[in-house]
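Undergrad: Following this message is one structure expressed as structure tokens.
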Amino acid sequence: MLLTLETNGPDASKISYLLHKHPDKVQSFTMSFGKVHVYYPKYQHDSAVACMLLDVDPVGMVRGAYRESDFMLGQYVNDRPFVASSFMSVAIAQVYSSALGGKCKDDPSLPQTPFAWTARIDSLATRGDSQWVDRIFSPLGYQVTTHSQLLDPEFPQWGESPYIQTVLSKTCPLSVLLTHLYVLIPAFDNNKHYFVGEEELTKLLEKGEGWLAAHPHKDWIARRYLRARANLVRTALSRLVDEQPQTDIEESPTPEEPSAEAVIRLHDQRHSSVVEELIACGAQSVLDLGCGEGKLVRELIRKPQFQRILGMDVSYKSLEIARKRLRYDTWGDEQHRRVELIHGSLIYSDKRLHGFDAAAVIEVIEHLEPTRLESLAKSLFMLARPKHVILTTPNKEYNSVWESLPAGQFRHQDHRFEWTRAEFQAWCHQIATLYGYRVEFKGVGQEDPDRGAPTQMGVFHRD
Ligand code: SAH
């Protein structure tokens with residue numbers, strides 16, 4: 001991943017003094033996340049180009065401090081080597097430190113001198129929202145050009161890549177340009193590799209001095225830079241905004257609780273039945289496997305009996321929503337010790353799931369290909385092996401009660417199958433026998449005399 005700085009004019013070759021990097025050789029620096037190389041593909045007295053190439057080592061990161069503990073495969077397969085991220089900021093701060101700080105030993109007045117700069121960032125993460133590049137850089141006086149590309153020209157229907165090439169031009173001292181890049185690149189990326197704490201807030205206020213307070217999108221920048229840690233964002237904004245009323249920084253308010261009079265929908269009924277079962281079996285530590293957006297986790301948190309709760313889902317997006325809804329970022333250490341949300345898949349053996357009293361697997365199995373069920377059963381009943389497992393799935397027989405559901409259609413477009421009561425019970429009995437559990441069956445929702453309840457529940461116990 002590449003950051004290119006170009007300048008033209010009579011003093012262009014002074015770039016090597018500004019950057020404090022010799023123009024005749026490639027210089028390499030070892031960083032905690034990989035290597036950084038600096039070189040000049042063009043170096044003439046009136047035109048010079050300096051490149052900073054980041055060679056991020058995604059596997060090295062696994063061993064280093066940047067392990068993203070809740071995304072297993074992400075340790076190996078991730079966009080970090082290719083995207084302009086907070087690693088770029090770290091590289092700017094370390095490799096171009098004197099330029100960023102506006103210092104030049106050989107010519108102290110040089111850093112204050114404006115140069116006509118063109119900076120090219122090869123892949124800025126915009127998450128599909130490229131207008132923000134213009135909204136963020138234009139108010140700072142940059143001329144902005146962006147180039148987006150199709151994800152795959154052979155499949156135009158996949159749409160455009162969320163990463164775009166961005167070219168920024170402005171005449172200013174180099175330290176101004178580097179400071180903007182230092183703050184704004186990670187704000188775009190919104191996927192910081194280090195823990196965001198007080199120190200980051202201090203950095204933002206320090207590096208944002210003189211420009212951030214007046215920026216029309218200062219709240220967006222602060223929120224993204226601090227990765228939406230609500231309390232820090234609030235502090236940052238309150239320090240940046242003196243008289244103006246405080247901006248509402250909540251992106252997604254917690255959904256309203258259903259009122260007492262409201263009809264309890266099947267979904268809620270399912271979760272209440274599961275919570276009742278978990279309470280009845282005396283579980284103190286509970287897994288919510290395929291926790292989705294965290295509805296059951298929220299119910300579990302309310303019950304003091306559950307001293308340890310771990311929600312896992314294969315969908316990173318659902319986990320992010322769950323975190324937001326539960327206001328995960330505002331919790332204290334004790335709450336973080338009690339409740340964890342992790343990224344993972346139920347079909348792989350996973351040591352993080354060991355040692356729990358009970359597991360809830362609510363409306364998840366029907367999202368898997370039937371050929372994967374054996375792996376799920378093995379990782380859950382043989383390896384994680386909680387004492388109690390509560391498993392729910394739709395009862396296919398009930399579908400005909402819903403007139404709006406065309407015959408033969410599944411309840412959800414992501415369902416790979418739906419089972420009759422006989423099919424579900426046969427599968428559960430087979431697992432119980434294989435792994436040494438006993439199983440009982442219950443219905444959830446209003447029971448139809450012939451077709452049973454809309455949701456079927458299998459409750460497994462191991463003695
Ligand atoms: N249990 C939640 C969500 C049910 S939707 C509830 O009752 O509200 C099904 C969920 O299973 C989705 O969030 C989906 O991402 C998750 N899922 C599907 N396959 C999975 C797998 N292999 N491992 C973990 N979660 C999975």
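Undergrad: Obtain the nm distance between the two label points defined at LYS387 and LEU266 by a simple spin-label model: each point lies 7 Å from its Cα along the Cα-to-C-beta direction.
TA: Modelled inter-label distance: 3.3 nm.
Undergrad: Select from ALA280, PRO449, LEU383 the residue farthest towards the positive end of the dipole of the stretch 266-462; place +1 on Cβ of Lys and Arg, -1 on Cβ of Asp and Glu, and compute about the Cα centre.
TA: Of ALA280, PRO449, LEU383, it is LEU383.
Undergrad: Compute the distance in nm between two label points, each set 7 Å from the Cα along the Cα-to-Cβ direction, one at GLU374 and one at SER349.
TA: Result for the modelled spin labels: 1.6 nm.
Undergrad: Could you sort 98-108, 272-282 so that the peptide with the highest average Cβ count within 10 Å comes first and the rest follow in order?
TA: 272-282, 98-108
Undergrad: In the stretch 266-462, if every C-alpha pair distance is counted and binned at 10 Å from zero, what percent goes to each bin?
TA: Once binned at 10 Å, the Cα pair distances of the stretch 266-462 give 9, 37, 38, 15, 2, 0.
Undergrad: Output the relative contact order of the stretch 266-462, whole-number percent, from Cα pairs under 8 angstrom with separation of 6+ residues.
TA: Relative contact order, the stretch 266-462: 19 percent.
Undergrad: Using 0.36 nm per residue, how much length does the chain from ASP450 to ASP333 gain when fully extended, once their Cα-Cα distance is taken away?
TA: Stretched out fully, the ASP450 to ASP333 stretch lengthens by 37.1 nm.
Undergrad: Rank these residues by their accessible area, most exposed first, probe 1.4 Å: HIS217, HIS22.
TA: Accessible-area ranking of HIS217, HIS22, largest first: HIS22, HIS217.
The values are calculated or read from the model by the stated rules, or taken from the named source; none is laboratory data. None of these values were measured; they are calculated from a predicted model. Positions of Cβ are backbone-derived with ideal geometry, glycine not excepted, and every protein chain shown enters the neighbour counts. The accessibility values were calculated without ligands, DNA or RNA, using every heavy atom of the protein model including side chains. Shrake-Rupley method; radii C 1.70, N 1.55, O 1.52, S 1.80 Å.
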